[in-house]
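**Student:** Below is a structure I'd like to ask you about.
The values are calculated or read from the model by the stated rules, or taken from the named source; none is laboratory data. No experiment lies behind these values; they were computed from the predicted model shown. Every residue, glycine among them, receives a Cβ derived from its backbone with ideal geometry; neighbour counts consider all protein chains shown.
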Amino acid sequence: MRLFVSIDLPDDFAAEVERVQDEFADASGLSFTDPEQTHVTLKFLGDVSRGELPRVKNAVRRSVSDAGVGPFEATYEGLGVFPDISYIQVLWLGVGAGGEEMTSLHEAIEREVTRLGFDPEDHEFTPHVTLARMEHAGGKESVQENVEELDPTVGTTEVTEIRLTESVLTDEGPEYSTVESFSLE
């Protein structure tokens, strides 16, 4: 199973996410994510055997407890890119309010799953929602201009849970399903 830990955006945010993506429709080279599957990845785990699944679930459960983060408000706003504006691989929507709580959850998950043998992150965690991946630089200048000029707000919502999510890769793109939800208390 290919797994990651996520905070999913509410279904009713999909139209606003798509509106932001539409601002980049003329930029060649972008491959857009499905607005109905948008999420913040707290930790990508990769391939996990079914036998490891109970240990992973317990680690995520402990992480939620250890982080000490209860339900919180998150605002999805602003734009950014990875790794930087001169070499764009990922176009993303940022997190304003709620970013500190997401970082606390990420750090707790990171501690628990690296104890299980998962690789630690090799970069600093930035809470974000992937809007598109840049497959070639044909539309790079357009993306750069829009990132510098636009400052969208998709919305604010209460985050009450995180999810262990399975990603199945298909010809039409990844399909996500929730393996287990963990309530924030």
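**Student:** Scan the stretch 131-170 for residues that are closer than 21 Å to Gly46 by Cβ and acidic (Asp, Glu) and jot them down.
**Tutor:** The answer is Glu166, and nothing else.
**Student:** Given the condition outside any helix (DSSP H, G or I) and in contact (Cβ under 8 Å) with a residue 40 or more places away in the chain, answer yes or no: does some residue in the stretch 99-111 qualify?
**Tutor:** no
**Student:** Tell me yes or no: at least one residue of the stretch 96-118 is over 14 Å from Lys43 (Cβ atoms) and of a type in the set (A, V, I, L, M).
**Tutor:** yes
**Student:** Working carefully through the options Asp8, Asp22, find the one that is over 19 Å from the mean Cα position of the chain (by Cα), modelled with pLDDT of 95 or more and either under 16 Å from Glu180 (Cα atoms) or acidic (Asp, Glu) (or both).
**Tutor:** That would be Asp22, the only listed residue that is over 19 Å from the mean Cα position of the chain (by Cα), modelled with pLDDT of 95 or more and either under 16 Å from Glu180 (Cα atoms) or acidic (Asp, Glu) (or both).
**Student:** Then there is this: Here are some residues: Val90, Val147, Val95. Which one is aliphatic (A, V, I, L, M), touching a Lys or Arg at 6+ places or on another chain (Cβ under 7 Å) and farther than 30 Å from Arg50 by Cα?
**Tutor:** Val90
**Student:** Mind listing whichever residues of the stretch 153-185 are buried (at least 18 other Cβ atoms within 10 Å of the Cβ) and in a loop (DSSP other than H, G, I, E, B)?
**Tutor:** Residue satisfying the conditions is Leu184 alone.
**Student:** What is the residue count in the stretch 29-55 for residues that are in a loop (DSSP other than H, G, I, E, B) and under 27 Å from His123 (Cβ atoms)?
**Tutor:** Within the stretch 29-55, residues that are in a loop (DSSP other than H, G, I, E, B) and under 27 Å from His123 (Cβ atoms) number 7.
**Student:** Right, something else. Quick one: what pairs do we get from the stretch 118-129, first residue under 18 Å from Leu91 (Cβ atoms), second part of a loop (DSSP other than H, G, I, E, B), C-beta under 6 Å, 6+ apart or different chains?
**Tutor:** Val129/Thr38
**Student:** Which residues, taken from the stretch 4-51, are small (Gly, Ala, Ser) and under 30 Å from Gly117 (Cα atoms)?
**Tutor:** Ser6, Gly46, Ser49, Gly51, listed by residue number.
**Student:** Is it the case that the stretch 56-74 has a residue that's part of a helix (DSSP H, G or I), buried (at least 17 other Cβ atoms within 10 Å of the Cβ) and in contact with a Ser or Thr (Cβ under 8 Å, 6 or more places away or on another chain)?
**Tutor:** Checked against the condition, which is being part of a helix (DSSP H, G or I), buried (at least 17 other Cβ atoms within 10 Å of the Cβ) and in contact with a Ser or Thr (Cβ under 8 Å, 6 or more places away or on another chain), the stretch 56-74 yields at least one hit.
**Student:** Could you please find all residues in the stretch 127-149 being part of a loop (DSSP other than H, G, I, E, B) and either of a type in the set (Gly, Ala, Ser) or at pLDDT below 95 (or both)?
**Tutor:** Within the stretch 127-149, Glu135, His136 qualify.
**Student:** Considering only the stretch 149-174, how many residues are farther than 28 Å from Val69 by Cβ, touching a residue at least 60 places away in the same chain (Cβ under 8 Å) and not small (Gly, Ala, Ser)?
**Tutor:** Residues that pass the stated criteria total 3.
**Student:** Continuing with the same structure: So which residues in the stretch 13-28 are more than 23 Å from Ser142 (Cβ to Cβ) and either touching a residue at least 40 places away in the same chain (Cβ under 8 Å) or in a strand (DSSP E or B) (or both)?
**Tutor:** Listed by number, the list holds a single entry, Phe13.
**Student:** For the stretch 81-98, give me each residue that is of a type in the set (A, V, I, L, M) and outside any strand (DSSP E or B).
**Tutor:** Ile85, Ala97
**Student:** Report yes if Glu124 is closer than 23 Å to Ala97 by Cβ, modelled with pLDDT of 95 or more and surrounded by fewer than 17 Cβ atoms within 10 Å (Cβ to Cβ), otherwise no.
**Tutor:** no
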